[in-house]
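The values are calculated or read from the model by the stated rules, or taken from the named source; none is laboratory data. Source: prediction; values computed, not measured. Backbone-built Cβ (ideal geometry, glycine too); neighbour counts: all protein chains shown.
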2 protein chains.
Amino acid sequence: MAICHHHHPTFLTHHPFQPTATTLSHLHLHIRLPSSFRCNLSVTSPPKLEPEPVYTSVKSFAPATVANLGPGFDFLGCAVDGIGDFVTLKVDPQTPPGEISISDITGTGNSAKKLSKNPNWNCAGIAAISVMKMLNIRSVGLSLELEKGLPLGSGLGSSAASAAAAAVAVNELFGGKLPESELVLAGLESEAKVSGYHADNIAPAIMGGFVLVRSYDPLELISLRFPSDKNLCFVLVNPEFEAPTKKMRAALPTEISMSQHIWNSSQAGALVAAVLQGDLVGLGKALSSDKIVEPKRAPLIPGMEEVKRAALEAGAFGCTISGAGPTAVAIVDDEEKGRAIGEKMVEAFMAGGNLKAQAMVKKLDRVGARLVSSSSR
Amino acid sequence: MAICHHHHPTFLTHHPFQPTATTLSHLHLHIRLPSSFRCNLSVTSPPKLEPEPVYTSVKSFAPATVANLGPGFDFLGCAVDGIGDFVTLKVDPQTPPGEISISDITGTGNSAKKLSKNPNWNCAGIAAISVMKMLNIRSVGLSLELEKGLPLGSGLGSSAASAAAAAVAVNELFGGKLPESELVLAGLESEAKVSGYHADNIAPAIMGGFVLVRSYDPLELISLRFPSDKNLCFVLVNPEFEAPTKKMRAALPTEISMSQHIWNSSQAGALVAAVLQGDLVGLGKALSSDKIVEPKRAPLIPGMEEVKRAALEAGAFGCTISGAGPTAVAIVDDEEKGRAIGEKMVEAFMAGGNLKAQAMVKKLDRVGARLVSSSSR
């Protein structure tokens, strides 16, 4: 069945995805062509068909994500299992056809209170609306309930998890007709409005594993498969500290020396190689090796430098800031070891930054956002 | 058998490879520990043993190399089969014990005339002397004959090929006791004196395939294995033009913007992924994607921009400058196709730069420098 749509105008304005024959022929193999791309090539557009809901209700989950990954600043991210956001989506006769309402937001900490229930101002809502438009939903109203498992502003891809869970929920409710690449575009629209136009959280939140964002125009993503026979655990240590987002952004250097550029690029290459080769030692080293962003940002998070040192001394393969912080992320090959390292990192946040912190050990999520349950009445 | 030595003093001055327990524990897995590193750790050094020659004469080959590879500037290189330098090395009673003499230099073009026969000023000689010191050769004199298959200053790793062939020849003559990593160090010493301290030609010339230079202190190299079931051909088009080395170096930007850095880093990551995944389309795109170095250097090589365009239009997956030029390198999956593309590139050098040029199509060399024959009298 052919599905065709025009992109949301706001989206088009920011990033005109108007592929020509040339750009299409250069699209990366790892991305399935979104149906909208194909539509632009056909001489006569097929009529827009509206799919029927195949469930009355679905529940989806999307994982936390660690973006940046040291030298992978702004183009590499990965998904972390066992922590994330849930979305419950229902066909709702009370909601006007073609629209969505947010019925409830629950969750840990103060996430729930801080988020808007206006779907146009909520990351889950924006992504859901975007997918509804892609699918051309006009006859059914939906209600969405968001269950936050992730704290806001922690550097764990909280907004991306909400957007990913919502995008997958809408798509699955209507039979899962859109490919992952379209869902990433929907999530990216949400990220652009809420936390900036970057795909390094939303792409792994939807696709799972490690994802390299190769380009935005057109969007090209490369899945980096970590070998399935290897164990990879993340020690995530989240201090009670609100990272000053503007300061974190302002701390970035505008100009970089050639030698720093060569160093960081080679480490980015080494990081990609380590992921694909399942080389945890190499991965850890690469994670720890950023000479451009981390040295500027770490001093803005009290205790971060001590935390990194403590993690490495305790046997972590590598450690850096998760996203824009304040969470610190270290990697190990074993959960038990991870817990011991986490304790040392928590102590270091207190000793070095006078901050309380919580540690958790999570595995690599290889699946990404997914349906967890569904009902047909 | 334990072999121990102290590094050549000149080398030590430039790059003090003095590993501690810490640096050793962080050495990359892909590199076998050079024996000299181990020696420094032992409390009492074993007596230096001098190996006996196992042949009276050996002949070795080392391949051409393509360094830089677009966004892999200064840290990525690969070896190209079927073109390179040969070294014939003989036990020579006429040469004082522990010394080496260069008996002859032959080869295509004017390479032979331009190179010094003083082993201290010849890339093959310097590498050979370095390996002799590593092996502690004091009782045998050697004579070396260099057969240049590569033109000088073409951007195909001519000096590295000579050094690699010489290093392997000396090592093999005495039973092949040194690991590849030591031979790379010997070759690096030669490169440092002759063409600058960089390992992105010498490492693939010795190791074969694609090699990522992760760090210099300590030297860490990552072999990137291109899948054996995939075909990768290089179209190498060498114009009759002497690339102005100083100008090429001076053209490099000293400061790079954050957005350019992120772009090139992500392309470097994509390039590494494409090599390991055997994705020729992705590899070609990455090769063509450099926004930092190539845009500055291409205008200094008459016709280069036209050559790149011609290669891509003729169906090459990607095209860039090989090393510091003037050779242009394009990649394809088929020799036949490669020859057709090469013709177009030759035409473009003439049309765009008024330069005569020669094209050749070569496969990826997966082996690196090697023995081709040996005799025991």
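Of note, B:Leu280 satisfies the criterion of being crowded, with 17+ Cβ neighbours inside 10 Å and more than 8 Å from every other protein chain (Cβ to nearest Cβ). Set side by side, the residues A:Leu271, A:Leu252, A:Leu287 differ, and just one is within 14 Å of chain B (Cβ to nearest Cβ) and surrounded by fewer than 21 Cβ atoms within 10 Å (Cβ to Cβ), which is A:Leu252.
Please verify whether B:Met350 is surrounded by fewer than 24 Cβ atoms within 10 Å (Cβ to Cβ) and either in contact with a Phe, Trp or Tyr (Cβ under 6 Å, 6 or more places away or on another chain) or not assigned by TED's automatic domain parsing to the domain that holds B:Asn68 (or both), treating the condition exactly as stated. Yes, satisfied. Take the residues in region A:204-249 that are among the charged types (D, E, K, R) and under 21 Å from the mean Cα position of the chain (by Cα); name whichever of them is nearest to the other protein chains (Cβ to nearest Cβ). By that ranking, first place goes to A:Arg214. Every condition in (1) in contact with a strand residue (DSSP E or B) (Cβ under 8 Å, 6 or more places away or on another chain); (2) part of a helix (DSSP H, G or I) holds for B:Arg309 except the one numbered (1). Going residue by residue through region B:313-332, is there one that turns out to be assigned by TED's automatic domain parsing to the domain that holds B:Leu280, assigned to a helix (DSSP H, G or I), surrounded by fewer than 17 Cβ atoms within 10 Å (Cβ to Cβ) and modelled with pLDDT of 95 or more? Yes - at least one qualifying residue is present in region B:313-332. Any idea how many residues of region A:275-298 are under 30 Å from A:Phe241 (Cβ atoms) and free of Cβ contacts under 8 Å to residues at least 24 places away in the same chain? Of the residues in region A:275-298, 2 are under 30 Å from A:Phe241 (Cβ atoms) and free of Cβ contacts under 8 Å to residues at least 24 places away in the same chain.
Can B:Asn68 be described as of a type in the set (S, T, N, Q) and closer than 28 Å to B:Gly284 by Cβ? Step through it out loud before you land on a result.
Values: of a type in the set (S, T, N, Q): yes; closer than 28 Å to B:Gly284 by Cβ: yes.
Here the answer is yes, as B:Asn68 does meet what is asked.
You will find that of B:Val194, B:Val211, B:Val237, the residue that is crowded, with 23+ Cβ neighbours inside 10 Å and in the same structural domain as B:Gly84 (by TED's automatic domain parsing) is B:Val211 and no other. Can you confirm whether A:Asn264 is away from chain B (no Cβ under 11 Å) and either on the phi < 0 side of the Ramachandran plot or at pLDDT 95 or above (or both)? Considered against the rule, which asks whether it is away from chain B (no Cβ under 11 Å) and either on the phi < 0 side of the Ramachandran plot or at pLDDT 95 or above (or both), A:Asn264 comes out as no.
Quick check on A:Val168: is it within 27 Å of A:Ala316 (Cβ to Cβ) and either in a helix (DSSP H, G or I) or not assigned by TED's automatic domain parsing to the domain that holds A:Pro326 (or both)? In short, no.
In region A:176-188, is there at least one residue being within 14 Å of chain B (Cβ to nearest Cβ) and assigned to a loop (DSSP other than H, G, I, E, B)? No, the conditions are met nowhere in region A:176-188.
Do we have any residue at all in region B:74-89 that's more than 17 Å from the chain's Cα centre (by Cα), more than 14 Å from chain A (Cβ to nearest Cβ) and touching a residue at least 60 places away in the same chain (Cβ under 8 Å)? The answer is yes; a qualifying residue exists.
With the structure loaded, tell me whether B:Ser159 is in a helix (DSSP H, G or I), under 12 Å from the mean Cα position of the chain (by Cα), of a type in the set (S, T, N, Q) and away from chain A (no Cβ under 14 Å) or whether it fails that test. Full working, then the answer.
Details: in a helix (DSSP H, G or I): yes; under 12 Å from the mean Cα position of the chain (by Cα): yes; of a type in the set (S, T, N, Q): yes; away from chain A (no Cβ under 14 Å): yes.
Yes, satisfied.
Under 22 Å from A:Ala160 (Cα atoms), at pLDDT below 95 and in contact with a strand residue (DSSP E or B) (Cβ under 9 Å, 6 or more places away or on another chain): is that true of A:Ala369 in this structure? Answer is no for this residue. Go through the residues of region B:51-61 one by one and say whether even a single one is within 14 Å of another protein chain (Cβ to nearest Cβ), in contact with a helix residue (DSSP H, G or I) (Cβ under 8 Å, 6 or more places away or on another chain) and in contact (Cβ under 8 Å) with a residue 40 or more places away in the chain. No, because not a single residue in region B:51-61 is within 14 Å of another protein chain (Cβ to nearest Cβ), in contact with a helix residue (DSSP H, G or I) (Cβ under 8 Å, 6 or more places away or on another chain) and in contact (Cβ under 8 Å) with a residue 40 or more places away in the chain. With respect to B:Asn68, is the statement that it is surrounded by fewer than 17 Cβ atoms within 10 Å (Cβ to Cβ), at pLDDT below 95 and more than 23 Å from B:Glu172 (Cα to Cα) true? Against the criterion (surrounded by fewer than 17 Cβ atoms within 10 Å (Cβ to Cβ), at pLDDT below 95 and more than 23 Å from B:Glu172 (Cα to Cα)), B:Asn68 does not qualify.
Looking only at region B:116-132, which residues are among the aliphatic types (A, V, I, L, M) and over 14 Å from B:Ala161 (Cα atoms)?
B:Ile129, B:Val131, B:Met132
Is it the case that some residue within region A:153-164 is surrounded by fewer than 24 Cβ atoms within 10 Å (Cβ to Cβ) and more than 30 Å from A:Val361 (Cβ to Cβ)? No - not one qualifying residue is present in region A:153-164.
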